[in-house]
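Visitor: Structure provided below as structure tokens; questions to follow.
The values are calculated or read from the model by the stated rules, or taken from the named source; none is laboratory data. All figures in this text were calculated on a predicted structure; none of them were measured in a lab. Glycine also receives a Cβ, built like all others from the backbone with ideal geometry; neighbour counts cover every protein chain displayed. Each accessible area value is taken on the protein alone, full model and side chains, heavy atoms only, with ligands, DNA and RNA left out. Shrake-Rupley method; radii C 1.70, N 1.55, O 1.52, S 1.80 Å.
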Amino acid sequence: MSDVNRAWYFPETGSPDRLTETEIPVPQPGKGELLIRVLASGFNPIDTKIRAGLAPIAADNHVPGCDVCGEVVAVGEDVSGFTPGDRVYGCAGGVKGSSGTLCQFLVADAELMAHAPHSVSAVQAAVLPLITITAFEAIERLNLNAGERCLIMGGSGGVGQMALQLAKLRGASVTATAGDACRRDQVASFNVTAIFHQEAAEKTGQFEKVLDTHGGDSFQTALIAASAGGQVATINARNTYDLTQAHAKGLTIHAVFMLLPLLTGKGRAVHGRFLSWLANEVDAGRIIAPEAEAHPASAVADVHRRYEAGGLKTKVAFTL
């Protein structure tokens with residue numbers, strides 16, 4: 001194993017220009033940890049907010065990246081189920097109390113990790129954890145059951161694609177929105193009802209369960225579309241909202257933030273167990289992993305710029 005651990009980090013928060021290459025020590029796994037050689041580091045929008053200082057939860061070493069797929073190099077004490085050479089994946093860092101994943105070697109809490117699906121590349125595996133765990137937590141919080149009418153605001157996005165598939169597996173009647181004809185066709189390819197975003201506002205009170213993946217106006221539309229006594233989950237509650245519809249209908253509202261187990265240390269094993277289940281579902285063809293672009297880690301600043309300019313339309317993972 002190399003003694004060099006190349007990484008990309010931002011010494012100070014700010015623009016994408018802050019991102020630069022550096023070298024950090026090769027970590028050693030402690031109790032309950034895995035040392036991983038990173039094969040691919042998944043990019044997520046939260047990475048740009050952390051880098052910009054808009055989410056003050058940066059990793060201790062200011063290395064970005066929450067998602068990872070890699071190969072186990074060494075196993076710490078009190079870890080079972082993993083051996084050196086295993087290919088694993090998980091949402092392992094990128095926030096306080098951890099390293100980011102955009103580095104060659106990473107120590108991760110074994111509870112957050114699972115064996116990666118065999119049927120997809122390391123790049124595809126690396127973009128699965130955060131979006132799919134987010135979708136899973138939202139579906140769980142909504143207590144979605146077979147036969148219920150479910151609306152997903154933003155079905156063509158990363159979380160949306162995974163949520164509509166999880167909802168279908170539960171036997172729900174799924175409708176999902178999209179912003180243009182191309183994205184609507186993409187949503188429809190999952191064999192769900194696809195509508196444009198603006199059409200959702202016309203579905204007043206038609207859905208027992210609604211998941212909003214955008215926030216802002218999308219969340220307000222979600223409240224309109226929810227039926228009396230229904231439930232609405234959002235993955236972006238950072239705003240000021242008019243809750244008149246929620247009061248009039250007696251709605252239950254859930255705010256979903258899947259990084260809490262990494263920040264608080266509570267509930268991490270749930271992530272690992274879910275990712276084990278997810279890998280089996282992907283390998284069995286019951287869940288389709290999203291398309292993903294592969295870029296070298298040196299392109300991280302360009303990818304951040306593309307996302308912030310609205311030009312990033314697919315998931316991205318960086319190869320190390």
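Conditions tested, residue by residue: (1) more than 21 Å from the chain's Cα centre (by Cα); (2) at pLDDT 95 or above; (3) closer than 20 Å to Gln165 by Cα; (4) not acidic (Asp, Glu).
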| site | (1), (2), (3), (4) |
| --- | --- |
| Asp185 | yes, yes, yes, no |
| Ser189 | yes, yes, yes, yes |
| Phe196 | yes, yes, yes, yes |
| Glu199 | yes, yes, no, no |
| Thr204 | yes, yes, no, yes |
| Glu208 | yes, yes, yes, no |
| Phe219 | no, yes, no, yes |
| Ala225 | yes, yes, no, yes |
| Gly230 | yes, yes, no, yes |
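Visitor: Has the range 62-69 got at least one residue that is more than 20 Å from Ala299 (Cα to Cα) and modelled with pLDDT of 95 or more?
Guide: No, there is no match, as no residue in the range 62-69 is more than 20 Å from Ala299 (Cα to Cα) and modelled with pLDDT of 95 or more.
Visitor: Name the single residue that is farthest from Val123 (Cα to Cα) among those in the range 301-320 being in contact with a helix residue (DSSP H, G or I) (Cβ under 8 Å, 6 or more places away or on another chain) and of a type in the set (A, V, I, L, M).
Guide: Ala301
Visitor: Same structure again: Out of curiosity, is Gly229 open to solvent by 40 Å² or more (accessible area, probe 1.4 Å), touching a Gly at 6+ places or on another chain (Cβ under 6 Å) and not hydrophobic (A, V, I, L, M, F, W, C)? I'd like the intermediate steps shown before the answer.
Guide: Working: open to solvent by 40 Å² or more (accessible area, probe 1.4 Å): yes; touching a Gly at 6+ places or on another chain (Cβ under 6 Å): yes; not hydrophobic (A, V, I, L, M, F, W, C): yes.
The answer is yes for Gly229.
Visitor: Out of Leu312, Leu263, report the one residue that is open to solvent by 20 Å² or more (accessible area, probe 1.4 Å) and either in a loop (DSSP other than H, G, I, E, B) or in contact with a Pro (Cβ under 7 Å, 6 or more places away or on another chain) (or both). Full working, then the answer.
Guide: Values: Leu263 fails: either in a loop (DSSP other than H, G, I, E, B) or in contact with a Pro (Cβ under 7 Å, 6 or more places away or on another chain) (or both).
So the residue among Leu312, Leu263 that is open to solvent by 20 Å² or more (accessible area, probe 1.4 Å) and either in a loop (DSSP other than H, G, I, E, B) or in contact with a Pro (Cβ under 7 Å, 6 or more places away or on another chain) (or both) is Leu312.
Visitor: Which one is farthest from Thr314 (Cα to Cα), of the residues in the range 166-208 that are of a type in the set (Ser, Thr, Tyr) and open to solvent by 70 Å² or more (accessible area, probe 1.4 Å)?
Guide: Thr204
Visitor: Okay, moving on. Of the residues in the range 176-203, how many are touching a Leu at 6+ places or on another chain (Cβ under 6 Å) and either in a loop (DSSP other than H, G, I, E, B) or over 19 Å from Ile131 (Cα atoms) (or both)?
Guide: Step one: filter the range 176-203 for residues touching a Leu at 6+ places or on another chain (Cβ under 6 Å), giving 176, 190, 192.
Applying the additional criterion that residues be either in a loop (DSSP other than H, G, I, E, B) or over 19 Å from Ile131 (Cα atoms) (or both) yields 190, 192.
Here the count works out to 2.
Visitor: So which of Ala317, Ala284, Ala294 ends up being out of contact with any Pro (no Cβ under 6 Å at 6 or more places or on another chain), open to solvent by less than 80 Å² (accessible area, probe 1.4 Å) and farther than 30 Å from Ala7 by Cβ?
Guide: The unique qualifying residue is Ala284.
Visitor: Could I ask something else about it? How many of the residues making up the range 97-136 are of a type in the set (Asp, Glu), buried (at least 24 other Cβ atoms within 10 Å of the Cβ) and assigned to a helix (DSSP H, G or I)?
Guide: 0
Visitor: Return yes or no: is Val72 more than 26 Å from Tyr307 (Cβ to Cβ) and surrounded by fewer than 24 Cβ atoms within 10 Å (Cβ to Cβ)?
Guide: Judged against the criteria, Val72 is a match.
Visitor: Answer yes if at least one residue in the range 79-86 is open to solvent by 20 Å² or more (accessible area, probe 1.4 Å), part of a strand (DSSP E or B) and either in contact (Cβ under 8 Å) with a residue 40 or more places away in the chain or out of contact with any helix residue (DSSP H, G or I) (no Cβ under 7 Å at 6 or more places or on another chain) (or both), and no otherwise.
Guide: no
Visitor: Show the residue pairs meeting these rules: Cβ distance below 9 Å; 6+ apart or different chains; first residue within the range 205-217 and without any contact (Cβ under 8 Å) to a residue 40 or more places away in the chain; second residue open to solvent by less than 10 Å² (accessible area, probe 1.4 Å) and outside any loop (DSSP other than H, G, I, E, B).
Guide: The qualifying pairs are Gly215/Thr234.
Visitor: Which members of the range 108-133 meet the condition of being more than 11 Å from Phe274 (Cα to Cα) and either within 12 Å of the chain's Cα centre (by Cα) or aliphatic (A, V, I, L, M) (or both)?
Guide: If the condition is that a residue be more than 11 Å from Phe274 (Cα to Cα) and either within 12 Å of the chain's Cα centre (by Cα) or aliphatic (A, V, I, L, M) (or both), then Ala108, Ala110, Ala116, Val120, Ala122, Val123, Ala125, Ala126, Val127, Leu128, Leu130, Ile131 are the ones that fit.
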